[in-house]
Amino acid sequence: MRNIHPGEILREDIINGNELSVTAAAKLLGVTRTTLSNVLNQKSDISPEMCFRIAAVFGGTPEVWASLQTKYNLAAVAEKVKQYNLTPYHPHARTA
């Protein structure tokens, strides 16, 4: 399953779904067009403050948006961490 950035959900389901321009949505959220564009284009994470702004303007809860961002971030690094070949620590095992 594809890892979806919450900015894509915001863009497709809320902004495009309500036929809003990025400029209009940014104005509603009280942020600059550039700030919103960076989130929508996956160049920036959705910050905790932005979670509250989205919930206040478009509904839902800040926790939902924060959870989407956290899940996205965890999935994005899961594969990267595999390359480190980390092994679990066992307190009674001897290390070299």
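No lab work stands behind these numbers, since they all come straight from the coordinates. It should be emphasised that the depicted structure is a prediction, and the values quoted were computed from it without experimental measurement. Virtual Cβ from ideal backbone geometry, glycine too; neighbours counted across all protein chains shown.
LEU74 - would you say it is among the hydrophobic types (A, V, I, L, M, F, W, C) and in a loop (DSSP other than H, G, I, E, B)?
Against the criterion (among the hydrophobic types (A, V, I, L, M, F, W, C) and in a loop (DSSP other than H, G, I, E, B)), LEU74 does not qualify.
Within the range 41-67, residues that are closer than 18 Å to VAL22 by Cα sit with their Cβ atoms under 6 Å from residues that are of a type in the set (S, T, N, Q), at 6+ positions apart or across chains, in these pairs: SER44/ASN38; ASP45/GLN69; ILE46/GLN69; ALA55/THR61. Among the candidates ALA76, ALA26, the residue that is among the aliphatic types (A, V, I, L, M) and either touching a strand residue (DSSP E or B) at 6+ places or on another chain (Cβ under 8 Å) or surrounded by fewer than 13 Cβ atoms within 10 Å (Cβ to Cβ) (or both) is uniquely ALA76. Evaluating THR70 against the criteria (1) closer than 30 Å to LEU29 by Cα; (2) of a type in the set (Ser, Thr, Tyr); (3) over 12 Å from the mean Cα position of the chain (by Cα) leaves one unmet condition, (3). In the set (1) of a type outside the set (Phe, Trp, Tyr); (2) surrounded by fewer than 18 Cβ atoms within 10 Å (Cβ to Cβ); (3) within 18 Å of the chain's Cα centre (by Cα), the condition left unmet by GLU19 is number (3).
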